[in-house]
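Here's the structure we're looking at; comments come further down.
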Amino acid sequence: MINRVSTASQYQNLTSNLMRKQGELNQTNGQLSSGKRVETAGDDPVSSVTIQNYRQQLTQIDQYNSAITLANNRLQTMETAIAGVEDNLGATKQKVLGMINGAMASNDRTAFKDELISLRDGLLELANSRDEAGNYVFAGNQSDTKPFMEATDGSMDYYGDSQSRYAQIDKSVNVKTSLPGDQLFTDVPNRYGDFRPVFSDGAGGLTDGSKLHLLSATTSDFSSAEAIEVSFNEVDVAAADGTTTKEMQYNLTVGGKVVAANQAYDSEQGIVYKDPVAADSATLNLKFGDISSGDNISLKPTQTINIFDSIQSAIDNAERPTSSPAAEANLQRVIDDLDSGFVHMNQQRSEVGTIMQQVDRQQEQHLDFELTLNQAQSGLEDLDYSKAIMDMNQQMMALQASQQAFGQTKQLSLFNYI
């Protein structure tokens with residue numbers, strides 16, 4: 001049996017082969033131009049899926065890096081503001097220490113008062129700091145609300161909330177990018193513990209020349225804490241041999257009720273009181289320094305202080321007579337408050353620093369992972385130029401051979417043999 005092959009069939013086969021080789025050469029040229037081995041899913045379906053996965057992960061890393069940049073900006077703004085607060089409190093403390101000097105003239109005290117007002121205004125400006133986007137740093141989630149504003153009585157009211165803003169810097173990692181203003185400025189730990197002293201002059205207050213100050217005042221159950229009053233009186237106590245000695249005694253009033261009277265005061269132990277009737281009652285521990293006979297002091301329950309109120313107290317006592325023991329005691333209390341405020345701010349600044357370190361570590365991890373992904377993607381997607389050039393040369397030679405064969409074949413005809 002003789003198979004017949006038409007001229008048209010041969011022509012079609014040769015044309016298809018020629019077009020295929022031309023397409024292979026065009027594809028190689030395109031790869032050399034782009035530097036990519038895989039440009040479409042059809043080039044390598046398996047590698048294409050993996051490459052797309054790498055691209056999605058790289059896009060996500062870019063988003064996390066943008067969040068890290070924003071977080072770093074906010075944290076740096078906050079850290080700078082807190083550092084400014086520390087400097088402000090340190091300068092305020094130095095002014096108050098100068099005011100305790102009894103040799104100061106009245107006009108000197110007036111100048112110190114003006115400086116304290118300026119420092120308080122500076123502290124207010126720091127408390128109302130904004131970030132690069134104009135958001136209030138210490139307003140919690142109320143970032144568009146001015147957090148601190150002065151009331152008519154000179155106190156500072158807080159209008160933010162007690163929440164912190166967060167930024168997601170990894171799939172399961174969220175970091176604080178703000179601290180609420182009440183946590184920084186109005187919830188400063190009370191240096192004395194659970195009670196705060198209130199000083200006054202004259203009857204029911206401090207005696208002339210008194211240097212009485214509170215060292216500590218704590219309770220085992222703050223929920224049941226009540227106002228306390230303590231008075232001191234030095235008396236002569238007769239000994240068995242007929243001699244007399246001086247003994248400092250105290251009277252303790254809790255919630256308006258006298259619970260201890262004419263008890264000897266132990267300067268080492270202080271006052272330790274527990275209701276003898278109620279077994280589950282709280283235990284009070286009070287310690288004082290530099291007691292004078294006739295001194296009276298009031299203690300009100302409070303575990304935190306408002307640093308603005310402390311500075312306002314210094315301003316209010318700035319021009320009081322230097323002979324007033326209550327004024328001096330109040331200024332000393334302000335110094336204690338400023339010390340506590342400085343320590344508190346330093347702790348908050350340390351917290352911000354810890355967060356910044358965490359953000360930096362996370363950014364380094366992203367950079368390392370990004371490099372790994374890019375290398376893996378490059379291994380699948382990028383072109384091997386030396387191999388591609390060799391392939392192109394072979395394809396060009398094959399195409400030229402096919403073109404020559406096509407040129408000769410298309411001239412073949414039976415009429416040439418007639």
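Being open to solvent by 50 Å² or more (accessible area, probe 1.4 Å), assigned to a strand (DSSP E or B) and either free of Cβ contacts under 8 Å to residues at least 40 places away in the same chain or more than 20 Å from Ser310 (Cβ to Cβ) (or both) is a description that applies to Asp157. Is it fair to say Ser223 is closer than 25 Å to Thr304 by Cα and free of Cβ contacts under 8 Å to residues at least 24 places away in the same chain? Yes; evaluated as a whole, the condition is true for this residue.
Of a type outside the set (S, T, N, Q), open to solvent by less than 40 Å² (accessible area, probe 1.4 Å) and over 29 Å from Val96 (Cα atoms) - does that describe any residue in region 312-325?
Taking region 312-325 first, the residues of a type outside the set (S, T, N, Q) are 314-316, 318-321, 325.
Still in the list and also open to solvent by less than 40 Å² (accessible area, probe 1.4 Å): 314-315, 318, 325.
Still in the list and also over 29 Å from Val96 (Cα atoms): none.
No: zero hits.
Could you list all residues from region 169-224 that are of a type in the set (Lys, Arg) and within 30 Å of Gln60 (Cβ to Cβ)? Within region 169-224, Lys171, Lys176 meet the criteria.
Condition check for Tyr166 on (1) in contact (Cβ under 8 Å) with a residue 12 or more places away in the chain; (2) touching a strand residue (DSSP E or B) at 6+ places or on another chain (Cβ under 9 Å): one failure, at (1). Please verify whether region 182-197 includes one or more residues that are in contact with a helix residue (DSSP H, G or I) (Cβ under 6 Å, 6 or more places away or on another chain), in a loop (DSSP other than H, G, I, E, B) and on the phi > 0 side of the Ramachandran plot. No: region 182-197 contains no residue that is in contact with a helix residue (DSSP H, G or I) (Cβ under 6 Å, 6 or more places away or on another chain), in a loop (DSSP other than H, G, I, E, B) and on the phi > 0 side of the Ramachandran plot. Between Gly209, Gly270, the distinction of being more than 43 Å from the chain's Cα centre (by Cα) and in contact (Cβ under 8 Å) with a residue 40 or more places away in the chain belongs to Gly209 only.
Against the list (1) out of contact with any Gly (no Cβ under 7 Å at 6 or more places or on another chain); (2) under 23 Å from Ile297 (Cβ atoms); (3) open to solvent by 40 Å² or more (accessible area, probe 1.4 Å), the condition Ala227 fails is (1). Scanning region 269-289 for residues that are assigned to a loop (DSSP other than H, G, I, E, B), surrounded by fewer than 12 Cβ atoms within 10 Å (Cβ to Cβ) and either at pLDDT 90 or above or of a type in the set (Gly, Ala, Ser) (or both) turns up Gln269, Ala278, Ala279. Taken residue by residue, region 167-175 has no member that is open to solvent by 10 Å² or more (accessible area, probe 1.4 Å), in contact with an Asp or Glu (Cβ under 6 Å, 6 or more places away or on another chain), on the phi < 0 side of the Ramachandran plot and charged (D, E, K, R). Kindly evaluate Thr152 against the criterion of being open to solvent by 40 Å² or more (accessible area, probe 1.4 Å), in a loop (DSSP other than H, G, I, E, B), at pLDDT 90 or above and of a type in the set (Val, Ile, Thr). So Thr152 does not fit the description; no. Summed over region 35-79, residues that are open to solvent by less than 80 Å² (accessible area, probe 1.4 Å), modelled with pLDDT of 70 or more and over 20 Å from Gln363 (Cα atoms) total 2. Could you list all residues from region 230-258 that are out of contact with any Lys or Arg (no Cβ under 9 Å at 6 or more places or on another chain), exposed (fewer than 10 other Cβ atoms within 10 Å of the Cβ) and without any contact (Cβ under 8 Å) to a residue 24 or more places away in the chain? Passing the criteria: Ala238, Ala239, Ala240, Asp241, Gly242, Thr243, Thr245, Lys246, Lys257. State all residues of region 198-224 that are touching an Asp or Glu at 6+ places or on another chain (Cβ under 7 Å) and either open to solvent by 30 Å² or more (accessible area, probe 1.4 Å) or not in a loop (DSSP other than H, G, I, E, B) (or both); if no residue qualifies, say none. Passing the criteria: Leu206, Thr207, Lys211, His213, Ala217, Thr218, Thr219, Phe222. Answer yes or no as to whether Lys246 is in a strand (DSSP E or B), over 30 Å from His344 (Cα atoms) and among the basic types (Lys, Arg). So Lys246 passes the test.
With the structure loaded, tell me whether Ser292 is assigned to a loop (DSSP other than H, G, I, E, B), polar (S, T, N, Q) and out of contact with any Cys (no Cβ under 6 Å at 6 or more places or on another chain) or whether it fails that test. In short, yes.
Among the residues making up region 295-334, those that are β-branched (Val, Ile, Thr) and assigned to a strand (DSSP E or B) are Ile297, Thr304, Ile305.
Candidates Leu97, Leu75: the one that is over 30 Å from Ser324 (Cα atoms), in a helix (DSSP H, G or I) and hydrophobic (A, V, I, L, M, F, W, C) is Leu75. Residue pairs, Cβ under 7 Å, 6 or more apart or interchain, first in region 123-137 and farther than 15 Å from Glu86 by Cβ, second open to solvent by less than 30 Å² (accessible area, probe 1.4 Å) and outside any loop (DSSP other than H, G, I, E, B). List them. So the pair list comes out as Leu124/Phe148; Leu124/Met156; Asn128/Tyr136; Asn128/Phe148; Arg130/Tyr136; Val137/Met78; Val137/Ala81.
Can you find even one residue in region 93-109 that is out of contact with any strand residue (DSSP E or B) (no Cβ under 8 Å at 6 or more places or on another chain), of a type outside the set (Lys, Arg), at pLDDT 90 or above and open to solvent by 40 Å² or more (accessible area, probe 1.4 Å)? Scanning region 93-109, I find at least one residue that is out of contact with any strand residue (DSSP E or B) (no Cβ under 8 Å at 6 or more places or on another chain), of a type outside the set (Lys, Arg), at pLDDT 90 or above and open to solvent by 40 Å² or more (accessible area, probe 1.4 Å), so the answer is yes.
The values are calculated or read from the model by the stated rules, or taken from the named source; none is laboratory data. What you see is a predicted model, and the numbers here were worked out from it, not measured in a lab. We place every Cβ from the backbone using ideal geometry, glycine too, and count neighbours over all the protein chains shown. Side chains are part of the model used for accessible areas, which takes the heavy atoms of the whole protein and leaves out ligands, DNA and RNA. Shrake-Rupley method; radii C 1.70, N 1.55, O 1.52, S 1.80 Å.
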